[in-house]
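What follows is a single structure, written as structure tokens, with notes after it.
A short reminder: the numbers here are calculations on the coordinates, not readings from a lab. All values reported here derive from a predicted model rather than from experimental measurement. Quick reminder, even Gly has a Cβ in these numbers, built from the backbone with ideal geometry, and neighbours come from all protein chains shown.
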């Protein structure tokens, strides 16, 4: 089990922002997954649950357990696409990384309060970072959304279901990319 703290997340964010000028040079070649920034900027726990048996087939991501409305960040520079029509995933966002890797941020927040009220919508300021637009280019370390329990996670523990798809292909475990 890995633990991430807010202090480490903030320190990492400052490091990333301070190194933004050199980050472009450190991008992995097309089709390979670069070393990733941890996608949740706050206290987080997780186990590598990639591939575990689930209804509908093996689990295609890693569940990163964190408090509701904890910020989630871009793991590499790229372009975001909002996805708001999935009953199982709920509010989600795709990040198309400059490396060619696609990342899925699933079960983002859909609550107006810190309770499970389901009164919010999949919109900027609720699920997605305030001011973020569909199709926007983002930098590594930039806040892009909020942890939640939307979709089939409704009423369960708030978490970010995070998927990594090198070259837009089959999912691989983010645990293999995180340094834990």
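So the values come out like this:
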read-out: Ranking of 107, 159, 115, 165 by count of other Cβ atoms within 10 Å, fewest first; value: 115, 165, 159, 107
read-out: Approximate spin-label separation residue 65-residue 170, in nm, with each point projected 7 Å along Cα-to-Cβ; value: 2.9
read-out: Cβ-based exposure ranking for 99, 173, 86, in which fewest neighbours within 10 Å come first; value: 86, 173, 99
read-out: Using a Förster distance of 30 Å, the FRET efficiency for residue 112-residue 48 (Cβ separation, nearest 0.05); value: 0.35
read-out: Sorted by Cβ neighbour density within 10 Å, fewest at the top, the residues 92, 114; value: 114, 92
read-out: Contour minus Cα-Cα distance for residue 88 and residue 123 (0.36 nm per residue); value: 10.9 nm
read-out: Segment 119-162 - percent relative contact order, Cα under 8 Å, separation 6 or more; value: 28
